[in-house]
């Protein structure tokens, strides 16, 4: 296995999903997308990656059987992502890899926030290049009001924890909502502003247009 193969496996482990486009951006500096597809095809044949259909003609990859054995994971990590996990993990992958941030592994989150209850560790968390901690809420197709209520609930559970409240006070935490269009982003922000929630929490709403295709796929 080459150093580049190992980088691909590490990225797939971190983001729980990979695509040829993401690998091209992260690992294949200056090379063609065709070069990426040849490498991922070989890694699938060798059992390091597992390929599934994303939105035609694009595929996505999970860890393969050989990779999960190497990393000590359950074979469940080789299975296709579910109807909620796929849009969440795909949106976080696109947001993080194009925005100077890194999704935290569970072990990294536990080390960074050892006081955070297990029940609050399942959401995706990222860390920006400047050290800002971000919790990600992905639009799964609900109304702006529904998404804003979910996001507010995410925050209310965390502000009750003194250590988390301190992060918020020091402006070292922000809530990120990923949605499909700028128009929906405006509606979500308006819905959040109408609610009685922790307004001192930094809020960032970003658009991931390709989420729309996954919403249509799940209908």
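Rule-based calculations on the coordinates, nothing more; no lab input. Quick caveat, the model's predicted, so the values are computed rather than measured. Don't worry about glycine lacking a Cβ; one is built from the backbone with ideal geometry, like all the others, and counts go over all protein chains shown.
Worth a mention:
- Residue count, segment 55-84 (criterion: part of a strand (DSSP E or B) and under 14 Å from residue 22 (Cβ atoms)): 4
- Against the list (1) in contact with a strand residue (DSSP E or B) (Cβ under 8 Å, 6 or more places away or on another chain); (2) part of a helix (DSSP H, G or I), the condition residue 39 fails is (1).
- Residue 103 over 24 Å from residue 193 (Cβ atoms) and surrounded by 21 or more Cβ atoms within 10 Å (Cβ to Cβ): yes
- Flag for residue 87 being in contact (Cβ under 8 Å) with a residue 12 or more places away in the chain and in a loop (DSSP other than H, G, I, E, B): no
- Test set (1) in contact with a strand residue (DSSP E or B) (Cβ under 9 Å, 6 or more places away or on another chain); (2) within 26 Å of residue 58 (Cα to Cα) - residue 214 fails condition number: (1)
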